[in-house]
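The values are calculated or read from the model by the stated rules, or taken from the named source; none is laboratory data. A quick note: this is a predicted structure, and the numbers were derived from the prediction, not measured. Ideal geometry is used to build each Cβ from the backbone, glycine not excepted, and the neighbour counts take in all protein chains shown.
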Amino acid sequence: MFDLILRGGTVVTPQGAGLYDVAIKGEQIAAVTAPGVVPDEQATAVKDVSGKIIIPGGIDPHVHCAWHMPLPDGSAVTSGPPEDVSRAALWGGTTMLIDFAARMEPKPMTQVIKERDEDWVGKVYCDYAYHLMLLGDLEPDLLAELPPLIEGGYPTVKIFTTNITPSRMGRMVHFGDIWELFKVLSAHKGLGVIHAEDNDIVMHMYEKLFREGRTSFHNLAEVHNQLSEDLSFRRVLRLAESENTPLYMMHVSAGTGVQAIREARAKGQAIYGESLHQYMCYTQEDYKRPNGQMYHTYPSLKTQADQDEIWRGTLDGAINCVATDEICCNLNMKTIGAGIDDTTGGNAGCEPRVSVMYHQMVTKRGYSLERFSDLVSTNAAKIMGMYPQKGAIAAGSDADICVLDPTARGTIRAENLHETDYTPWEGHPITAWPVMTLLRGKVMVEDGAFFGDLSDGKYVKRAIPQSVRETPVV
């Protein structure tokens with residue numbers, strides 16, 4: 001006896017898209033069959049999803065919940081908690097988030113994870129995981145602590161190659177320490193997660209623009225520029241090549257970064273690229289719009305040519321995942337900084353991500369449903385070590401499912417979303433929208449109603465497969 005059958009939708013499976021029924025028992029998908037093979041009597045509930053598109057629940061591999069947010073006056077606030085972000089994510093068809101357990105001061109990583117758990121455990125509607133984040137100088141004792149964590153379910157480690165702004169000193173990891181970290185990652189089946197910009201170029205441009213009095217945020221693209229991404233990506237990729245270390249390059253914003261990834265993959269390096277939907281929808285010209293800070297994250301938006309190269313990367317394998325760099329805050333907080341050194345990064349983007357990418361990929365550019373599903377879900381599951389538990393509609397996989405209505409029409413409006421009082425995608429066309437989201441078999445959202453509980457979200461321990469670590473398989 002099945003608990004639920006989703007009947008008659010166009011289902012994106014690992015073998016391709018087609019008309020199927022999806023049978024669910026407990027928390028897992030029990031069967032994917034031709035329509036009508038399983039009679040209604042063999043299920044507790046049957047839902048007709050004819051005309052709908054069924055994809056694996058979205059996976060956002062780059063979010064920041066309950067995150068330290070500096071203010072221009074030197075004080076700080078905390079961004080929206082997992083409760084707010086996960087609720088919005090589920091409304092938008094996303095069932096899995098990966099945040100960060102950041103070591104902000106010298107302390108054991110086990111303590112960092114324990115403290116991060118206090119923000120998340122029992123306080124989140126969807127499933128989640130953490131990247132470990134290391135900042136500043138990496139002591140030998142810290143590196144020695146990593147192997148059991150990497151092998152015990154926390155296999156991704158993030159570092160910065162820049163301090164980002166002059167007011168955020170202490171983030172950058174020096175290349176000698178990165179080299180030692182890469183040795184650990186390679187030896188213990190980990191994956192490096194990289195924010196790569198050239199710190200010398202970035203800080204030089206801050207000094208230059210301050211000196212010239214061009215300090216408005218409208219000039220951010222000159223600071224976080226294409227050359228910075230080019231130099232840093234190539235240096236990091238070469239270091240990874242020397243140690244056979246697999247890498248995931250976060251928030252690729254420039255064509256130079258796309259090209260560096262493309263060239264490394266052509267040599268057989270296990271390198272994967274992530275971009276953000278703001279880079280794929282907006283350019284530095286959008287900073288000139290009212291409240292132009294809405295469109296910003298770090299690194300900055302860049303030119304139309306850079307955006308075009310990112311889109312080419314989604315077709316040739318250089319860009320594998322579309323994330324958000326989620327920061328949940330209100331419009332006042334997002335726009336409170338107006339300078340090149342104090343503009344708030346991140347965006348409230350989890351909820352509209354799947355729908356925005358459906359319009360941009362399937363409707364506007366003619367991408368297949370399979371490629372769309374890969375970019376918003378399946379590739380992240382594979383790269384981050386969760387597949388096929390996550391990211392697949394297949395027997396034995398978690399029943400994490402997004403049901404899209406491809407007849408939905410309209411535009412995105414902040415007043416219709418569930419996270420905060422603004423959206424950078426205000427007015428963006430809708431050509432599909434989630435009408436049902438399931439998390440491990442439980443209907444969390446259906447036809448405008450939310451059924452989640454804060455005890456529903458579970459931590460997902462991960463392991464990066466050998467195939468992903470050895471060659472670019474995604």
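Applying the condition of being part of a strand (DSSP E or B) and free of Cβ contacts under 8 Å to residues at least 60 places away in the same chain to segment 271-301 and asking which residue is farthest from the chain's Cα centre (by Cα) yields 273.
So that you can scan it fast, the table gives a plain yes or no per residue for (1) under 18 Å from the mean Cα position of the chain (by Cα); (2) outside any loop (DSSP other than H, G, I, E, B); (3) free of Cβ contacts under 8 Å to residues at least 40 places away in the same chain:
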position	(1), (2), (3)
50	no, no, no
85	yes, yes, no
98	yes, yes, no
107	no, no, yes
114	no, yes, yes
122	no, no, no
137	no, no, no
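Only one of (1) under 12 Å from residue 424 (Cβ atoms); (2) buried (at least 24 other Cβ atoms within 10 Å of the Cβ) is not met by residue 281, so which one is it? Among (1) under 12 Å from residue 424 (Cβ atoms); (2) buried (at least 24 other Cβ atoms within 10 Å of the Cβ), the lone unmet condition for residue 281 is (2). Applying the criterion of being within 22 Å of residue 413 (Cα to Cα) and out of contact with any Ser or Thr (no Cβ under 7 Å at 6 or more places or on another chain) to the residues of segment 337-351, the residue that is surrounded by the most Cβ atoms within 10 Å (Cβ to Cβ) is 351.
Out of all the residues in segment 152-192, which are charged (D, E, K, R) and either without any contact (Cβ under 8 Å) to a residue 40 or more places away in the chain or not in a loop (DSSP other than H, G, I, E, B) (or both)? Hits for segment 152-192 are 158, 171, 177, 180, 183. Residue-level analysis places residue 148 among those that are surrounded by fewer than 18 Cβ atoms within 10 Å (Cβ to Cβ) and out of contact with any Phe, Trp or Tyr (no Cβ under 9 Å at 6 or more places or on another chain). Checked against (1) of a type outside the set (Asp, Glu); (2) touching a helix residue (DSSP H, G or I) at 6+ places or on another chain (Cβ under 8 Å); (3) in the same structural domain as residue 325 (by TED's automatic domain parsing), residue 68 meets all criteria but (2).
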